[in-house]
Amino acid sequence: MIVPDLPGYGRSGKGVDQADPFGCLADAIRGLLDELGIERAHLVGNSYGGACALRLALDTPGRVDRMVLMGPGGIGTTRALPTPGLRRLLAYYRGGGPSRAKLERFIREDLVFDGAAIPDEVIDERYRSSIDPAVVADPPLRRPSGPSALSTLRRMDFTRDRRLSTLAAPTLVVWSAEDQVNRPSGGVTLARTMPRCDLLLVAEAGHWVQWERAELFNHVTSAFLTEG
């Protein structure tokens, strides 16, 4: 199992192409597979990582075996106003800049179902990462702006990509019914559009379903990837 820091995060290089963020992430992960000599892989991704996996599969379907997507971004994002949780996420570096209070509110109120269950150390660690000067100077996830903003938004909405209905990779979508960041209806959209897509709608979890319902998530993911 390989767990990379996506571009813009952790110890990976900073700077994501804001004209095509999902494509930029997919190119980076494909480049990683090339560097490691891996022709075909399973992909597991949450939110931004799920969007990265889906874009990689659409661009180069031969490189992807199976996918597990947890509340992926880019599903119907231009067909309705952003959720309050997504608006707060995209505004984190604006309006006075990052702060621990802003991050704690987002995590406890928007990201998870039971905010009290998140240890303070998790918030502290995420806050320290969020104020890395290189990240503050060039946040990897932000609202598109400028004259090309509309075309960028459309490019980031997979429901506008006709290739989605022919993507043959067996896919398990795990989405929480209480997700306050990406609407759970996106899971139904994927299940109805992709020809080999199973949907698991999970109760009592938020956007971090793999963290809040870890035992269930690990069980179904292992079964899907190893047994089909």
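The values are calculated or read from the model by the stated rules, or taken from the named source; none is laboratory data. Quick caveat: nothing in here was measured; it's all calculated off a predicted structure. Backbone-built Cβ (ideal geometry, glycine too); neighbour counts: all protein chains shown.
Within the stretch 2-28, residues that are on the phi < 0 side of the Ramachandran plot and among the charged types (D, E, K, R) have Cβ atoms under 6 Å from residues that are in a helix (DSSP H, G or I) and buried (at least 18 other Cβ atoms within 10 Å of the Cβ) in these pairs: ASP17/CYS24; ASP20/ARG155, counting only partners at least 6 apart in sequence or on another chain.
Does LYS14 satisfy being within 18 Å of the chain's Cα centre (by Cα) and of a type in the set (Lys, Arg)? Considered against the rule, which asks whether it is within 18 Å of the chain's Cα centre (by Cα) and of a type in the set (Lys, Arg), LYS14 comes out as yes. Would you check if there is a residue in the stretch 202-224 being surrounded by fewer than 18 Cβ atoms within 10 Å (Cβ to Cβ) and either closer than 16 Å to GLY49 by Cβ or among the basic types (Lys, Arg) (or both)? Scanning the stretch 202-224, I find at least one residue that is surrounded by fewer than 18 Cβ atoms within 10 Å (Cβ to Cβ) and either closer than 16 Å to GLY49 by Cβ or among the basic types (Lys, Arg) (or both), so the answer is yes. Checked against (1) closer than 26 Å to VAL122 by Cα; (2) in a helix (DSSP H, G or I); (3) in contact (Cβ under 8 Å) with a residue 60 or more places away in the chain; (4) among the aliphatic types (A, V, I, L, M), VAL68 meets all criteria but (2).
The set of residues from the stretch 143-167 being more than 30 Å from GLY95 (Cα to Cα), at pLDDT below 95 and assigned to a loop (DSSP other than H, G, I, E, B) comprises just one member, ASP161. Is it the case that some residue within the stretch 105-128 is at pLDDT below 95, in a loop (DSSP other than H, G, I, E, B), more than 16 Å from the chain's Cα centre (by Cα) and more than 23 Å from GLY45 (Cβ to Cβ)? No, that holds for no residue. Inspect the stretch 14-33 for any residue being modelled with pLDDT under 95 and under 17 Å from ASP179 (Cβ atoms) and give the result as yes or no. No. Scanning the stretch 60-101 for residues that are at pLDDT 95 or above, surrounded by fewer than 21 Cβ atoms within 10 Å (Cβ to Cβ) and of a type in the set (A, V, I, L, M, F, W, C) gives a single hit, ALA101.
Taking only the stretch 181-201 into account, find how many residues are of a type in the set (S, T, N, Q), surrounded by fewer than 22 Cβ atoms within 10 Å (Cβ to Cβ) and more than 14 Å from ALA169 (Cα to Cα). Outline the logic, then answer.
Within the stretch 181-201, the first condition is being of a type in the set (S, T, N, Q), and the residues that meet it are 182, 185, 189, 193.
Narrowing the set further to residues that are surrounded by fewer than 22 Cβ atoms within 10 Å (Cβ to Cβ) leaves 185, 189, 193.
This time we only want the ones that are more than 14 Å from ALA169 (Cα to Cα), so: 185, 189.
Of the residues in the stretch 181-201, 2 are of a type in the set (S, T, N, Q), surrounded by fewer than 22 Cβ atoms within 10 Å (Cβ to Cβ) and more than 14 Å from ALA169 (Cα to Cα).
Evaluating ILE29 against the criteria (1) under 25 Å from TRP175 (Cα atoms); (2) surrounded by fewer than 18 Cβ atoms within 10 Å (Cβ to Cβ) leaves one unmet condition, (2). Applying a threshold of 6 Å to beta carbon distances and a minimum spacing of six or more residues, or different chains, the list of pairs starting in the stretch 175-197 at a residue that is over 22 Å from ARG162 (Cβ atoms) and ending at one that is among the aliphatic types (A, V, I, L, M) and outside any helix (DSSP H, G or I) reads TRP175/LEU201; SER176/VAL202; SER176/ALA205; ALA177/LEU201; ALA177/ALA203; PRO184/ALA177.
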